[in-house]
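In what follows, a structure is listed as structure tokens, so that the remarks can point back to it.
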Amino acid sequence: MDIKIFDSPEEVDLFGARMIVELIKSKPSAVIGLSTGRTTKGLHREIVRLYNEERFDISGITFFGQDEVLGVSEQYSGACVRMLRDELIDELGVKDDNFIMLPTESEDPQGACWKFTQTLMERGGVDLLFLGLGENGHLGFNQPGTPFSSRARVSTMTPELESRIRRETGTPPGKYLGGITMGLADVMDCRKLVLGVKGSAKARILRKVIEGPITEMVPATVLRTHPDCTVIADREASQLLGK
């Protein structure tokens, strides 16, 4: 695991964006995985900025999201597909065929997981997956206790997140809400992984991920067994490392 520490969150964003842009330039058919949340908004802004400045070719690049909220509309502001479109995909003008997402609604979600995985394999497999780190160590909707052998599937969300989404969407208690996600084994199959970590709220969990035991109770610890994983963190997130 390669660990890079930067003085500011903006430097983390720029370094991560440069990694993705350099891959796009060097491999015009690359398959690139994206994440949503507070960690990645700045990253996406930097990619858009670099694209507007340099106008590199993205016509053959496949972008995908590693997870999705299941049980909401695609137009819901908290849906991963909506966030990725607003922050990056539409800004770059990516063709619909080159933007692959798990569904927000499906009569056969497990079948959708199989189709999602097959599509990525047919395009040559994942070249790079950019990950965010949950405060309990989750990756996507792979919550603590998820087997390292897990594959794409319907999963759960934390009670706090579910409560917020129900409130924001007016979803009644009887309607299912959950997550649909790449599994940890799918993540480990990606050729390169980048874990972005920013802010003091992530300091304790980052120390567990890098210095604690490798355990399914902290899903992100599995990244230490990947042959090509880079952690990019700011000073606040890394303040407890080595202590």
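The values are calculated or read from the model by the stated rules, or taken from the named source; none is laboratory data. Being a predicted model, the structure only gives us computed values, none of them experimental. Glycine also receives a Cβ, built like all others from the backbone with ideal geometry; neighbour counts cover every protein chain displayed. Protein only, heavy atoms only, side chains kept; ligands, DNA and RNA dropped before computing areas. Shrake-Rupley method; radii C 1.70, N 1.55, O 1.52, S 1.80 Å.
Here are some notes:
- Karplus-based coupling profile of the range 219-226, in residue order and whole Hz: x, 5, 5, 4, 4, 5, 9, 7, with θ = phi - 60° in 6.51 cos²θ - 1.76 cosθ + 1.60 and x standing for Gly or Pro.
- Label zone (D86, point 7 Å along Cα-to-C-beta; backbone nitrogen cut-off 15 Å) within the range 180-223: none.
- For the range 24-168, dividing the convex hull volume of the Cα atoms by the residue count gives 119 Å³ per residue.
- Three-way shape label, the range 191-243, alpha-carbon gyration tensor, a/c 1.5: oblate
- Close amide H partners of I100, meaning residues 5 or more places away or on another chain with modelled amide H under 5 Å apart, are F63, F64, G65.
- Solvent exposure of the range 1-160 as accessible area per residue, Å², 1.4 Å probe: 45
- With the simple spin-label model, which puts each label point 7 Å out from Cα in the Cβ direction, the S200 to R38 separation comes to 1.3 nm.
- For the range 176-230, applying the loop criterion from DSSP together with a ceiling of 10 other beta carbons within 10 Å to the trypsin sites (Lys or Arg not before Pro) yields no site.
- Antiparallel bridge percentage (DSSP; both residues within the chain; nearest 5): 25
- When the alpha carbon gyration tensor of the range 161-228 is reduced to an equivalent ellipsoid, the three semi-axes, largest first, read 29, 17, 11 Å.
- Fraction of accessible area attributable to carbon and sulfur, the range 1-110 (%, probe 1.4 Å): 45
- Packing-based ranking, highest mean first, of 38-49, 100-111 given that Cβ atoms within 10 Å are counted: 38-49, 100-111
- Residues in the range 200-214 carry Karplus couplings, in order, of 5, 5, 9, 5, 5, 6, 5, 4, 5, 5, 8, 10, x, x, 7 Hz; the curve used is 6.51 cos²θ - 1.76 cosθ + 1.60 with θ = phi - 60°, and Gly or Pro positions show x.
- Each Lys and Arg adds +1 at its Cβ and each Asp and Glu adds -1 at its Cβ; summed about the Cα centre, the range 107-193 shows a dipole of about 40 debye.
- 16 Å cut-off, amide nitrogen to a point 7 angstrom out along R191 Cα→Cβ, residues in the range 19-37: 19-34
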